[in-house]
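To start, the structure under review is shown below, and the notes come after it.
The values are calculated or read from the model by the stated rules, or taken from the named source; none is laboratory data. Here the structure is a predicted model, which is why all the values come from computation and not from measurement. When we count neighbours, we look across all protein chains shown, and the Cβ atoms used for this are built from the backbone with ideal geometry, even at glycine. We work out accessible area using only protein heavy atoms, side chains counted, and drop any ligands, DNA or RNA first. Shrake-Rupley method; radii C 1.70, N 1.55, O 1.52, S 1.80 Å.
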Amino acid sequence: MTEFIRKRTANLKNDILSGITVALALVPEAVAFAFVAGVDPLVGLYAAFMIGLITSIFGGRPGMISGATGALAVVMVSLVAEGNAMGVEGENLGLYYLFATVILMGGIQMLAGVLKLGKFVRLIPHPVMMGFVNGLAIVIFLSQLGMFKDANGAWFSGNPLWIMVALVALTMGIMFGLPKLTKKLPEALIAILVVSAIVIFGNLDVATVGSFIKDGGGEGLKGGLPQFQTDIFSKVPFNFQTLWFIGPYALILAAIGLIESLMTLNLIDELTETRGNANKECMAQGGANIITGLFGGMGGCAMIGQSLINIKSGGRTRVSGVVAAVLLLMFILFASTYIEQIPIAALVGVMFMVVIGTFAWSSFRILNKIPFSDVIVLVTVSSLTVIFDLAIAVIAGVIISALVFSWENAKRIRARKRMREDGTKVYEIWGPLFFGSIIAFNEKFDVKNDPDKVEVDFVESRISDHSAIEAIFNLVNKYEAAGKQIKLKHLSEDCKILLYKSSPKFREVIVEDIDDPRYHLAENPETFTKGLSEYTL
């Protein structure tokens with residue numbers, strides 16, 4: 001028992017310190033994404049608390065941080081706006097439609113977990129993963145540039161600009177240099193504390209978390225515990241029209257949330273050399289969003305930036321995520337005054353270091369070493385992540401990769417032709433037979449000039465789909481229409497089952513011989529038994 005407890009608590013200090021760092025970084029992110037979605041800052045903070053806590057406890061990836069994210073906030077803007085327009089006599093119902101959508105979104109994500117759809121993230125190719133990482137790094141970087149603007153949207157200039165740049169550079173310098181001196185202290189947390197102390201005691205006039213919230217129209221971080229939103233059931237009519245309105249939004253949000261969460265899970269798996277549970281994460285994300293919607297949160301998913309801060313600060317277990325979520329609630333309840341004094345520059349510096357650590361710089365080195373199609377996928381996914389959103393980028397990358405794979409395999413179909421002594425022409429087929437290789441397959445045969453007897457040998461080929469079955473069926477019909485005999489040989493058992501199921505005609509043309517080179521049967525049973533007895537102990 002002592003050994004068990006020792007192993008469990010070995011990383012406790014790192015998890016707690018990392019959780020504190022993540023909690024501080026979560027505040028401006030959650031507030032910013034709430035403004036993007038057009039809702040009160042507390043709606044974003046409550047979402048970060050509830051989703052972060054639930055997924056940390058029940059999720060499939062210890063050490064991964066979840067909360068309100070920009071990828072979802074961008075979609076929520078039009079949802080809230082359209083919901084407000086549906087109110088009667090100026091009543092704004094957008095927030096309540098948002099809560100209802102988040103609940104439905106969570107249900108869809110839980111359904112994906114029940115159906116074990118999380119495993120399909122393994123089908124995402126490495127160039128797509130690399131493009132996703134690069135694109136997300138660029139998005140994080142661009143989102144931080146907005147912090148260099150004043151309340152009117154004008155870029156800083158003069159002394160405010162130089163002070164901001166100096167504080168950001170100091171934060172980055174501490175995070176870069178501290179690990180070279182000691183790895184026992186979390187560099188991000190120390191950097192935030194040092195820069196905050198300089199700003200507070202130096203009485204510097206810079207943007208802080210508090211001023212950021214007030215400039216956005218918020219009243220501050222101070223709030224109470226999340227309350228159950230009974231108004232959802234009274235203000236949002238539960239009918240087909242509502243489902244028709246929120247359904248598409250819920251599907252898009254669920255897809256974006258799961259893709260971002262599962263790809264972040266894969267990234268952390270690689271960084272920590274461990275394995276997370278994708279289906280368990282789907283269930284946790286879905287359950288968290290349902291509860292968040294019921295208690296007044298804007299919904300969310302895994303956050304790659306905060307997850308990387310957590311991992312790089314030493315957070316490895318569920319404790320770090322729980323600490324971050326609970327501290328975030330403590331900030332809202334008791335410490336809002338102190339958190340509001342943290343300079344935005346310190347948090348921007350932390351995020352810039354995350355960008356540097358997130359971007360796959362090796363992608364520049366390997367561009368001339370990988371297939372050109374993979375370069376196209378990598379650049380496309382990176383660009384679409386910046387221009388549109390993660391879901392569109394990943395789906396496009398997977399589609400391009402799948403089409404390239406199909407095209408390359410379609411070119412591998414081969415046919416060797418030879419004549420037997422009895423005048424039978426044999427076509428020996430190599431390569432997969434599927435929708436992409438059908439045209440090349442048909443071009444191999446010369447029905448008009450072939451002899452009366454033809455055999456097609458599939459020992460080095462496989463029938464993969466309905467297009468392949470239809471191609472073989474048409475080939476058999478062509479030879480029979482020409483008055484010639486065709487036989488299909490050496491089909492694997494699964495291929496035979498496909499063909500037999502599609503048409504009874506194939507029972508007449510498929511040869512069931514024992515000369516299949518994949519199966520070696522003894523010609524003399526006595527010799528086989530005698531040989532076997534030599535190995536019997």
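Would you mind working out the accessible area per residue for the chain, using a 1.4 Å probe, and quoting it in Å²? Please report the intermediate quantities before stating the final value.
Details: 26560 Å² over 537 residues.
Value returned for the chain: 49 Å² of accessible area per residue.
Going down the table (K417/K478; K116/K235; K183/K280; K448/K487), which pairs top 23 Å between alpha carbons? It would help to have the intermediate numbers written out before the result.
On the way: K417/K478 18 Å; K116/K235 35 Å; K183/K280 33 Å; K448/K487 17 Å.
From the list (K417/K478; K116/K235; K183/K280; K448/K487), the Cα-Cα distance tops 23 Å for K116/K235; K183/K280.
Treating each Cα of the chain as one equal point scatterer and applying the Debye formula with no solvent, the log10 of I(q)/I(0) at q = 0.05 Å⁻¹ comes out as -0.31.
With all protein chains present, how much of the accessible area of the chain (probe radius 1.4 Å) comes from carbon and sulfur, to the nearest whole percent? Could the numbers behind the result be given before it?
Working: 16880 of 26560 Å².
Summing carbon and sulfur atoms, their accessible area is 64 percent of the total for the chain.
Suppose a student asked you for the relative contact order of segment 448-510, using Cα pairs under 8 Å spaced at least 6 residues apart; what percent would you report? The value is 43 percent. In summary, the lysines within cross-link reach of K149, defined as a Cα separation below 22 angstrom excluding same-chain residues under 8 places away, comprise K214. Compared with the direct C-alpha span, the chain from L115 to R412 gains 103.4 nm at full extension, assuming 0.36 nm per residue. The calculated FRET efficiency for the pair D215 and S78, based on their C-beta separation and a Förster distance of 35 Å, comes to about 0.90.
Please label the shape of segment 380-446 as rounded, prolate or oblate, based on the square roots a ≥ b ≥ c of the eigenvalues of the alpha-carbon gyration tensor (a/c under 1.5 means rounded; beyond that, a/b larger than b/c means prolate, else oblate). Provide the component values of the computation, followed by the final result.
Details: a/c = 6.42, a/b = 5.55, b/c = 1.16.
Because a/c hits 1.5 or more and a/b exceeds b/c, segment 380-446 counts as prolate.
Applying a length cut-off of 27 Å (Cα extent along the axis) and a mean Kyte-Doolittle floor of 1.0 to the DSSP H helices of the chain leaves 12-37, 94-114, 126-145, 159-181, 240-272, 390-410. Counting only residues at least eight positions apart within a chain, or on another chain, the lysines with an alpha carbon under 19 Å from that of K184 are K7, K13, K312.
Report the trypsin sites (Lys or Arg not before Pro) located in segment 311-415 that are in a DSSP loop and have at most 14 other Cβ atoms inside 10 Å of their Cβ, or state none. Don't skip to the end; give the middle numbers.
Details: sites: K312, R316, R318, R365, K369, K411, R412, R414; in loops: R316, K369, K411, R412.
Sites meeting the loop and neighbour criteria: K369, K411, R412.
Counting only residues at least eight positions apart within a chain, or on another chain, the lysines with an alpha carbon under 18 Å from that of K411 are K444.
Count charges around S363 for me, please; just the other residues with Cβ under 12 Å from its Cβ, Lys/Arg as +1, Asp/Glu as -1. That sum, taken over residues with Cβ under 12 Å, equals +1. Charge dipole (Cα centre; +1 on Lys/Arg Cβ, -1 on Asp/Glu Cβ; no other charges) of the chain amounts to roughly 1000 debye. Projecting the Cα positions of V459, N477, L488 onto the charge dipole of segment 443-512 (unit charges on Cβ atoms of Lys, Arg, Asp and Glu, taken about the Cα centre) puts N477 furthest along the positive direction. For the chain, the 222 nm mean residue ellipticity estimated from helices alone, with every DSSP H stretch of n ≥ 4 adding -39500 (n - 2.57) and the total spread over all residues, rounds to -20500 deg cm²/dmol.
Using R0 = 30 Å, the C-beta based FRET efficiency linking D452 and W430 works out to 0.75.
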